[in-house]
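Okay, structure first, notes after.
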Amino acid sequence: MTTRLSEIEDEDELDEEPGEVIESAPPLKVGEERELNNTGIKKLLLKKGVGWETPEFDDEVTVHYVGTLLDGTKFDSTRDRNVLVTLKLGKGEVVTGLDHGVITMKKDERSLLTLPPEMGYGVAGREGVPPNSVVQFEVELVSWITVVDVTKDGGVIKKIIEKGQRMEHPGDLDEVLVKYQVTLADGTIVASTLEEGIEFHIKDDHLFPALPQAIITMKGGEKAKVIVQSQYAFGEEGKDVGDGIIHSIPPNSVVNLDLELVSFKPVVDVTGDGKVFKKILKEGEGTLVANEGASVNVSYMAKLQDGTIFEKKGVDGEQPLQFLTDEEQVISGLDRAAATMKKGEQAIITISPEYGFGGVEVKKDLATVPPNSLLVYEAEMLDFVKEKAPWEMNNQEKIEAAGRKKEEGNLLFKGEKYERAWRKYDKAADYVGEESSFGDDEEKLVKALRVSCWLNGAACCLKLVDFPKAIELCSKVLNIEFTNVKALYRRAQAYRQTADLFLAELDIKKALEVDPHNREIKSLQKSLKQLQVESNKRDAKLYSKMFSRMSTHPPLVTKKLKVERVEDEKR
């Protein structure tokens, strides 16, 4: 059967299909034919599809097709059989070329694919198709199921039955609400949730290993069928006795999982060390967060781990709490969490004692907080006013802001609050960053501010045992002031701690050339020499042992020396 243009639907509406891009070419128009990606396959668009998505290899597609020779002779037709067929793309279940054509199609699209022999039935041909024949398939893509190899080894295969509404996937820390039913190959139901589903954290490894692995590939609202091989389910041992959640499972059982991700609540490790977690109950507005230095207005109910309420702000008639972040006006955990929140965001913040009240007893409005208490804040960010960003300031404002941040850092450093001091210095340097454009009359002052902030930041990093960062900051100073004694001294200190003794010695020598009577540098030089002596002793001991071992194998040593002598003579 040869398709003529008179059979093309909407032939007068030759507008482009949204989204179809083949090798960056414009989308096909109805009635237009084009070769697909240098495969030799030609595609003639007969009817536009809907949407912009197309299937991928390994997906399961449902299609109608009619196969013909170039003279119109029909050799295969699902329409004549009045039966839709389901094919797994990439497996060549009909012919390879058909799969390559279908992955360019959208839902409800109808196209005519012209396949060269190597993409069709090749030299072998088939019944009704002579060897080396060019063939044509008129294909209608009815629907498809996206198939995901979750573990990349075929151990967990997920078929998406209904796509999710949210764009995001849950993370390892998140709390999810899911519904599921687990069956064996014979249809026996071995586990299922109640109608309302079940909540748990992904990291808790609920049920069996494949479940969390599948969930983190899903979007909110997604429904899927998951086929789980035994090694990702209950393994060789199976499960002998039911525990109220799941029934007995025979050894080496493949299980089928009907799974729905109803919703999830993102959980954020605020401090990066697992000591302050924020579970988002309601997403805030927009993309802006309060960040450090913002004036925030929050409401919360603060509880102990047993549910005892010890403080309320902004609820039950209480006034909200207003404070500046990163100014130690509230406990560190609440401060750090507030700096990550959007306007209108609601969250549960769980704070370990290290970021709470520590090991002391504290009397609050409604109850006493015992030492080493875990704290839980049900909080809402009502509003905040951020500090001006550098790009929002004129040059004078940038210089003034940098000066203020530097002085705040100095006070924090004197109070031995090195982490916070470092952040102040870093922010100050950012205000007068090298990418900014300052006038000639301002440049001298700005350069001095940068150098001072980098040097002070390096001093903080030495205290915080972040020696690579200290080296980086001192190197920034030395790039513009190559004889800066403080930068040489502090970088030498950092090199000493990272065992780069040679580089440390070079910096000390340069510093003493500039300031030969500096006691601190001389003291560092003395300790460095002692370290070098100890290092030389260790090396000598190591080489002594090595040569001692060699002397116990004289034939091998003699042979090695002879080989080396012969090679030298050849040279």
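Values computed for the structure shown
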read-out: Residues of segment 118-157 satisfying the condition of being open to solvent by 30 Å² or more (accessible area, probe 1.4 Å) and either outside any loop (DSSP other than H, G, I, E, B) or within 18 Å of T62 (Cβ to Cβ) (or both); value: E118, M119, R126, E140, V142, S143, W144, I145, T146, V148, D149, I157
read-out: Top-ranked residue in segment 86-126 [being in contact (Cβ under 8 Å) with a residue 60 or more places away in the chain and out of contact with any Asp or Glu (no Cβ under 9 Å at 6 or more places or on another chain); ranked as nearest to F137 (Cα to Cα)]; value: L115
read-out: Residues of segment 73-112 classified as in contact with a strand residue (DSSP E or B) (Cβ under 6 Å, 6 or more places away or on another chain), among the hydroxyl-bearing types (S, T, Y) and buried (at least 20 other Cβ atoms within 10 Å of the Cβ), total; value: 1
read-out: Any hit, segment 379-391, residues being more than 30 Å from G314 (Cβ to Cβ), out of contact with any strand residue (DSSP E or B) (no Cβ under 6 Å at 6 or more places or on another chain), open to solvent by less than 50 Å² (accessible area, probe 1.4 Å) and not basic (K, R); value: yes
read-out: Failed criterion for I349 (all others in (1) in contact with a helix residue (DSSP H, G or I) (Cβ under 7 Å, 6 or more places away or on another chain); (2) more than 23 Å from G220 (Cα to Cα); (3) touching a residue at least 40 places away in the same chain (Cβ under 8 Å) hold); value: (2)
read-out: Count of residues meeting criterion [closer than 13 Å to L87 by Cα and part of a helix (DSSP H, G or I)] in segment 102-117; value: 1
read-out: Residues (aliphatic (A, V, I, L, M) and assigned to a strand (DSSP E or B)) located in segment 158-177; value: I160, I161, V176, L177
read-out: Evaluation of L366 against (1) buried (at least 18 other Cβ atoms within 10 Å of the Cβ); (2) in a loop (DSSP other than H, G, I, E, B); (3) in contact with a strand residue (DSSP E or B) (Cβ under 6 Å, 6 or more places away or on another chain) (one fails), failing number; value: (1)
read-out: Within segment 230-250, tally of residues that are surrounded by fewer than 18 Cβ atoms within 10 Å (Cβ to Cβ) and either within 30 Å of A337 (Cβ to Cβ) or out of contact with any Lys or Arg (no Cβ under 9 Å at 6 or more places or on another chain) (or both); value: 11
read-out: Identity of the residue in segment 478-506, in contact with a Lys or Arg (Cβ under 9 Å, 6 or more places away or on another chain), closer than 16 Å to C461 by Cβ and not small (G, A, S), that ends up surrounded by the most Cβ atoms within 10 Å (Cβ to Cβ); value: L488
read-out: Enumeration of residues in segment 45-72 that are of a type in the set (A, V, I, L, M), open to solvent by 20 Å² or more (accessible area, probe 1.4 Å) and in a strand (DSSP E or B); value: V50, L69
read-out: For Y425: the one exception among (1) open to solvent by less than 60 Å² (accessible area, probe 1.4 Å); (2) more than 19 Å from A487 (Cα to Cα); value: (2)
read-out: Filtered residues of segment 202-221 (kept if more than 18 Å from the chain's Cα centre (by Cα) and open to solvent by 10 Å² or more (accessible area, probe 1.4 Å)); value: D204, D205, H206, L207, P209, G221
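The values are calculated or read from the model by the stated rules, or taken from the named source; none is laboratory data. Just so we're clear, the structure is a prediction, and the values are computed from it rather than from any experiment. With ideal geometry, Cβ positions are generated from the backbone for all residues, glycine too; neighbour counts draw on all protein chains shown. These accessible areas exclude ligands, DNA and RNA; they are computed on the full protein's heavy atoms, side chains included. Shrake-Rupley method; radii C 1.70, N 1.55, O 1.52, S 1.80 Å.
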